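Before anything else, here's the structure in question.
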Amino acid sequence: MRIPTLMSSIVLASWIQGSLASAAEPTKYTLEDLRALGESQSWGELIEHVEDVRPSERKKEWKDLLDRAAIGQIDSLREQKRAQEAHATAEQLMTRFGILKQSKPFMKKRGEAGLEVFAECMSNAYGGAQCIEQLEAFVGVDNKDAELAFQAGKLVVERGRMYPPASPFFARAFEDKSVRSSGCKDPSVQAAVLRSFGQPAHYDTAKAADKVAFDHCFEALQKGIWESFYGSWGYEAVNICSGFMRKKVKLSAFQSAFCQDQQAKK
């Protein structure tokens, strides 16, 4: 029997080690591979391997493929009625790929998936306060998305049957003039604002209601505000009078005296 020499043993060991290493290394996908996955709508596999492409090669096409895959994955889960998974997947993808925050289509899809889950949360009578906190954090990720803030406010009113907590969402939404044109006329806005007037003026909800009522939507809301004013007392009277006086609304002598009295109570 031939005994291998020391040199041949080293060569053999090196070859075996190299073979094992090669077998253990996962296959790296190229941009062409990712393109093929995009064409076949294999979104999960595409996302799994999208980082195989070197950072220096991640140009526009790579970003577009990532965008399509992320949206496709969320859509697929929603179509399967897996709302919770769709929401969680959107949040995970946004965290993993920070560049997705710059994608309006993806962020819009994220918003839709999230609101679907929060609608379920709001319908639970025992989870209201916790849902509001989570919804605030969710909306706060994208401060530029006024439409998301507006829809969140409507959700709080229409599904949660909670009114003052919706005012801060509307105040944020109406910083964007384009949302005011139709948004100010929405019944949910008036309901939230008028209910918020009944809270202490230093509350965030009351401050937000004042902003919506007298800075953003007075023309659309003034009828409801006046109706509330005629029978107002306490915090409601103080807040409405404060808004009237700040906006320099024309009041009768009696109304002016009444509001001056209310201001003295602040």
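The values are calculated or read from the model by the stated rules, or taken from the named source; none is laboratory data. Everything numeric in this text was worked out from a predicted model, so none of it was measured. A quick note on method: Cβ atoms are made from the backbone with ideal geometry, for glycine too, and the neighbour counts reach across all protein chains shown.
Taking the conditions exactly as written (of a type outside the set (A, V, I, L, M), modelled with pLDDT under 95 and not assigned by TED's automatic domain parsing to the domain that holds ALA152), does GLU51 satisfy them or not?
Spelling it out, it is not the case that GLU51 is of a type outside the set (A, V, I, L, M), modelled with pLDDT under 95 and not assigned by TED's automatic domain parsing to the domain that holds ALA152.
In the stretch 211-233, is there at least one residue being in contact with a helix residue (DSSP H, G or I) (Cβ under 8 Å, 6 or more places away or on another chain) and within 25 Å of GLN134 (Cβ to Cβ)?
The answer is yes, given that some residue of the stretch 211-233 is in contact with a helix residue (DSSP H, G or I) (Cβ under 8 Å, 6 or more places away or on another chain) and within 25 Å of GLN134 (Cβ to Cβ).
From the list GLY160, GLY153, pick out the single residue that is within 28 Å of GLU236 (Cα to Cα) and outside any helix (DSSP H, G or I). Let's see the steps before the verdict.
Working: GLY153 fails: outside any helix (DSSP H, G or I).
Selected residue: GLY160, the only one of GLY160, GLY153 that is within 28 Å of GLU236 (Cα to Cα) and outside any helix (DSSP H, G or I).
Which numbered condition trips up LYS207, out of (1) within 30 Å of VAL117 (Cβ to Cβ); (2) modelled with pLDDT of 95 or more; (3) surrounded by 21 or more Cβ atoms within 10 Å (Cβ to Cβ)?
(3)
Right, next: Would the stretch 202-220 turn up any residue that is touching a residue at least 40 places away in the same chain (Cβ under 8 Å), of a type in the set (Phe, Trp, Tyr) and assigned to a loop (DSSP other than H, G, I, E, B)?
Checked against the condition, which is being touching a residue at least 40 places away in the same chain (Cβ under 8 Å), of a type in the set (Phe, Trp, Tyr) and assigned to a loop (DSSP other than H, G, I, E, B), the stretch 202-220 yields no hits at all.
For the stretch 42-61, how many residues meet the condition of being in a helix (DSSP H, G or I) and touching a residue at least 12 places away in the same chain (Cβ under 8 Å)? Give the steps one after another, and end with the answer.
From the stretch 42-61, those in a helix (DSSP H, G or I) are 43-52, 55-57, 60-61; that's our starting set.
Narrowing further to those that are touching a residue at least 12 places away in the same chain (Cβ under 8 Å): 43-44, 46-47, 49-50, 52, 57, 61.
Number of matching residues: 9.
Quick grid of which residues meet (1) within 24 Å of LYS265 (Cβ to Cβ); (2) touching a Gly at 6+ places or on another chain (Cβ under 9 Å); (3) outside the structural domain of LYS247 (by TED's automatic domain parsing):
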residue	(1), (2), (3)
GLY160	no, yes, no
PRO168	no, yes, no
ALA173	no, yes, no
SER182	no, no, no
GLN190	no, yes, no
ALA208	yes, no, no
ALA213	yes, yes, no
CYS217	no, yes, no
GLU236	yes, yes, no
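Could you grab the pairs with beta carbons closer than 7 Å, sequence gap of 6+ or different chains, first residue in the stretch 69-97 and assigned by TED's automatic domain parsing to the domain that holds GLU51, second one aromatic (Phe, Trp, Tyr)?
Correct list of pairs: ALA69/TRP43; ALA70/PHE106; ILE71/PHE106; GLY72/TRP43; GLN73/TRP43; SER76/TRP43.
From the residues in the stretch 120-147 that are assigned to a helix (DSSP H, G or I) and in contact with a helix residue (DSSP H, G or I) (Cβ under 6 Å, 6 or more places away or on another chain), which one is farthest from GLY160 (Cα to Cα)?
ALA146
Moving on to the next point. In the stretch 232-255, which residues are over 35 Å from the mean Cα position of the chain (by Cα) and of a type in the set (Ser, Thr, Tyr)?
SER232, SER252
If I ask for residues that are of a type in the set (S, T, N, Q) and modelled with pLDDT of 95 or more, which ones from the stretch 212-241 would you list?
Answer for the stretch 212-241, where residues must be of a type in the set (S, T, N, Q) and modelled with pLDDT of 95 or more: GLN222, SER228, ASN239.
Could you please let me know if GLU236 is farther than 21 Å from LEU115 by Cα, surrounded by 14 or more Cβ atoms within 10 Å (Cβ to Cβ) and among the acidic types (Asp, Glu)?
Numbers: farther than 21 Å from LEU115 by Cα: yes; surrounded by 14 or more Cβ atoms within 10 Å (Cβ to Cβ): yes; among the acidic types (Asp, Glu): yes.
So GLU236 passes the test.
Quick one: GLN41 ticks every box in (1) surrounded by fewer than 16 Cβ atoms within 10 Å (Cβ to Cβ); (2) under 30 Å from ALA171 (Cα atoms) except a single one, so which number is it?
Condition not satisfied by GLN41: (2).
A further question follows. Quick check on this structure: which one of ARG110, ARG172 is more than 21 Å from THR205 (Cα to Cα) and modelled with pLDDT of 95 or more?
None of the other options fit; the residue is ARG110.
State all residues of the stretch 213-227 that are surrounded by fewer than 16 Cβ atoms within 10 Å (Cβ to Cβ) and within 26 Å of the chain's Cα centre (by Cα); if no residue qualifies, say none.
If the condition is that a residue be surrounded by fewer than 16 Cβ atoms within 10 Å (Cβ to Cβ) and within 26 Å of the chain's Cα centre (by Cα), then ASP215 is the only one that fits.
Would you mention how many residues in the stretch 181-194 are in a helix (DSSP H, G or I), at pLDDT 95 or above and over 22 Å from GLU120 (Cβ atoms)? Reasoning before the result, please.
The initial filter retains those residues of the stretch 181-194 that are in a helix (DSSP H, G or I), namely 181-183, 187-194.
The next check asks that each one be at pLDDT 95 or above; those that pass are 183, 187-194.
With the extra rule that they be over 22 Å from GLU120 (Cβ atoms), the set shrinks to 183, 187, 189-190, 193-194.
The number of residues fulfilling the criteria is 6.
With respect to the numbered conditions (1) within 26 Å of LYS177 (Cβ to Cβ); (2) surrounded by fewer than 19 Cβ atoms within 10 Å (Cβ to Cβ); (3) in contact with a Gly (Cβ under 8 Å, 6 or more places away or on another chain), which one is the sole condition not fulfilled by PHE138?
The single condition PHE138 does not satisfy is (2).
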